[in-house]
Structures are given as C-alpha cells and as structure tokens.
Amino acid sequence: MDAIAAFAAALTVTAAGAAVVHYAVRAGASAVREQIAPDTEEWKRSHNRRRDTFAEFAAPAEQIGHILETWPALSPLARQPQRKAAYGHLKTLERRQGLILLEGGPDVRAAAQQLLDECTRLVRRLDPYAPPGPIDATPRGLAMPFLRACREYLEAESERHFGLQVRRRLTALR
C-alpha cells in the first residue's frame, strides 16, 4: 500500500469514527436531556394540586373571619348557630392541615400553623351572651399571611422549574 492510499484509509477510518462518536454523544445527550427535563404536564398537575390545596385550606379561615365580622351585630339567639358553624370551620381547618404538611414548604407549614392557632384563639373567644360590640380587632384578611407564603412558595417552585424566565415575566406583570 502506498502512502496516499494509507493516508486515505486512515482519514476514512478517522472520519467514520468521528461520525460514530458524534452520533453516540448526541444520542446520549438527548437521552440525558429527556431524563433531566421535567415532565411539564406532570409538573403542572402537581402545581395546580398544591394551589388548590392551599386555597381549600384558607377557605374555612375566611369563613371564620366572616362570622367574626358579623358577630357583634347578631342577637344572642342568632349567635348560637354561628358559633357552631365557626367550630365546624375550625375542625375543617384542622383536618386540612395534614395536606398542607405534605404539599407545602417550611414557610407555608409555619404560616398554616399560625393561621390555625389564630383561628382557634378567635373561635374559642366567641361568647354568645357577650354584649354587642367588637370582640377583637376586625379580622379582615385573616388568611392573608398564609396565602402570601403560599404565593411565594409557588413562585419559587415555578422559578426552579422554568428558570429565570418566570421571575422576569412576573416582575413585568406587576
């Protein structure tokens, strides 16, 4: 074999080897990319489930807040069913706290416990025979600190999933 034929054979083998390596690397990279890239639909379902769980947890607290707002205007006879309803909402809140422990981060769990403690304190202070007048400072937005912690948690989760694009879009919307 002369030098030119040997050089052409070596060049052909090298090019074929490079092509094989190139395709192997691309195939491996796409397989790794498929493993790393999160399933967007699955993430969306879990994100929506968390959002709904947080909203369902806050709903009884808001109902307790409505009862507390109307409490001073009620007669002692009308207060009894409202008190019973407030205790029912409190029990619902206690039952739903387990879901928050599973779904939320540490800030959300702490805010949920704070909300539950505050609602428990307010409901236990309801006295059907108290004279008309304010019981406590108006409890408007009783669940707002909890909902704020939930929003921050969900935004951070979105940012971890999608990267900085979400933060930029959210900032642009505000």
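Surface exposure of the stretch 80-132, expressed per residue as accessible area with a 1.4 Å probe, stands at 60 Å². Note on Glu69 and Ala130: the model spin-label points, each 7 Å out from Cα along the C-beta direction, lie 1.7 nm apart.
The residues packed around Leu142, meaning those with a beta-carbon under 9 Å from its beta-carbon, carry a net charge of -1 if Lys and Arg are +1 and Asp and Glu are -1.
Here the simple spin-label model places points 7 Å from the Cα toward Cβ, and for Arg160 and Glu56 these points are separated by 2.2 nm. For the stretch 110-127, the residues whose amide N sits under 17 Å from a probe point set 7 Å from the Cα of Gln80 along the beta carbon direction are 126-127.
Here the accessible area of the stretch 84-134 is 56 percent carbon and sulfur, with a 1.4 angstrom probe and all protein chains present. Annotation for Glu42 and Ala3: the two label points, set 7 Å from Cα along the Cα-Cβ direction, are 6.0 nm apart.
The values are calculated or read from the model by the stated rules, or taken from the named source; none is laboratory data. What you are looking at is a predicted structure, and each value in this text was computed from that prediction instead of being measured. Note that we place each Cβ from the backbone using ideal geometry, even for glycine, and neighbour counts take in every protein chain shown. When the accessible area is computed, the model is the full protein with side chains, heavy atoms only, and any ligands, DNA or RNA have been set aside. Shrake-Rupley method; radii C 1.70, N 1.55, O 1.52, S 1.80 Å.
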